Amino acid sequence: MKKADRCCQRLTWADLDLAPLNALIQLAKSEDLTAGGLRGGTETPGDHSSALLDAKQSAKTTLRARTALTLCGAELAPLVLSAYHSELAFEAFSSDGDTIAKGDAIGTLTGPVQSLLSAERPLLNFLQKLSGVATLTRQYVDALGHSTTRLLDTRKTTPGYRVLEKYAVACGGGWNHRIGLYDRVMLKDNHLAAFGSDPRQSAIEAVSESRRRNPEILVEMEVDTLEQIEHALAAQVDIILLDNFTSEQLKQAVHLIGSKAVTEASGGITIESIPQLASLGLDFISTGATVHQSTWIDIGLDS
């Protein structure tokens, strides 16, 4: 296995724990039906609009892309529907990660009309949000072209949605950085300062302590100057994060580091700057923009 391969992953649906996802769906359901999140709730719970319809009536509708998109949420859709009625069903025409053209059908929904209409907005909310992340990620990945540099996400995620948003990044062709604080040591200035005033010795001591406590956990160190790279190499870190370096500085950094550590550029990454960075020989480029700058994708439910 290449050294860089150990430093990233690509989440699949099988990797996700469904229990917290079901809890998230129940939260979305309660917001609509029982005033969840409001003190005191409501004395009249339920969907009073759909209740006007015949409870025995069934319906069939089509989820359709109203703009070109990279799909994320097809795997989640059955979980959302089952939270409203056991007879609601979703037949997917595409899979998560697929590119969908404007106007194409994503799948069909069938089942009791009252429950289907109650589930409509929460279902669309999930799909539109996650497909927005996947679609923007695909645009960033495409900007890398044929480069061997891989695009990583970050921990800048919506609280409670982390695994879904990271899964959406993977659906868009990106790679997942550390999932949380538990699976990577990330040494920044404030960590190193706690080890003493000598930054080089602090890096060595911090890495040594990490290896002693958790030898299997990768150690990454953030540097913001070329001079700090020597400290990271002396400490024998696994990954060096080059924070807010210029393109020229990144060239020098890649040369200095060579094969002694994995390289990651971060800070100020834009879709316009990625083509220039793609040719520098970096192992990774990381950005939180694929999540926090993504916009919801227009998906409609047509009868």
Checklist entry - Given the alpha-carbon gyration tensor of the range 225-290, what are the semi-axes of its equivalent ellipsoid in whole angstrom, ordered largest first, with each equal to the square root of 5 times an eigenvalue? => result 20, 12, 10
Item to check | In nm, spacing of pseudo-spin labels at E248 and S30 (7 Å Cα→C-beta vector) | outcome: 5.7
Item to check | Partnerless Cys - the chain, beta-carbon criterion under 4.7 Å | outcome: C7, C8
Checklist entry - Just the Cα atoms of the range 52-211, one point each, no solvent: what log10 I(q)/I(0) does Debye give at q = 0.10, 0.11, 0.21 Å⁻¹? => result -0.52, -0.59, -1.25
Checklist entry - If one computes the Cα centroid of the range 209-284 and of the range 149-185, what distance in Å separates the two points? => result 18
Checklist entry - Add -39500 (n - 2.57) for each DSSP H run of 4 or more in the chain, then divide by its residues: what number comes out at 222 nm, to the nearest 500 deg cm²/dmol? => result -11500 deg cm²/dmol
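Mind checking the full-extension length gain between E91 and E209? Use 0.36 nm per residue of separation minus the Cα-Cα distance, one decimal, nm. Kindly include the intermediate steps, with their values, before the conclusion.
Values: separation 118, 0.36 × 118 = 42.48 nm, distance 5.20 nm.
That works out to 37.3 nm of additional length.
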Checklist entry - What's the Kirkwood radius of the range 143-292 in Å, using all Cα pairs? => result 16.0
Item to check | Zone of L16's modelled label, taken as backbone nitrogen in the range 274-303 under 17 Å from a point 7 Å along Cα→Cβ | outcome: 291-292, 296-297
Item to check | Whole-number D in µm² s⁻¹ for the range 119-180, Kirkwood Cα-pair radius fed into Stokes-Einstein, 25 °C, 0.890 mPa s | outcome: 202
Item to check | Scaled radius of gyration (Cα, divided by 2.2 N^0.38 Å) that the range 33-76 gives | outcome: 1.79
Checklist outcome for this item: Contact order relative to length for the chain, counting C-alpha pairs under 8 Å separated by 6 or more residues, stands in percent at 21
Next on the checklist: Taking 10 °C and 1.306 mPa s as the conditions, I'd like the Stokes-Einstein D for the range 1-60 in µm²/s, using the Kirkwood hydrodynamic radius from alpha carbon pairs.
Outcome noted: 101
Item to check | the chain: proportion of alpha-carbon pairs further apart than 35 angstrom, % | outcome: 32
Checklist entry - Counting DSSP beta bridges in the chain, what percent are antiparallel, to the nearest 5? => result 50
Checklist entry - Which value, in nm² and rounded to one decimal, describes the direction-averaged projected area of the C-alpha convex hull of the range 160-244? => result 6.7
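Every read-out reported here was derived from the displayed coordinates using simple, explicitly stated rules and does not represent laboratory data. Remember, it's a predicted structure, so these values are computed and weren't measured experimentally. Don't worry about glycine lacking a Cβ; one is built from the backbone with ideal geometry, like all the others, and counts go over all protein chains shown.
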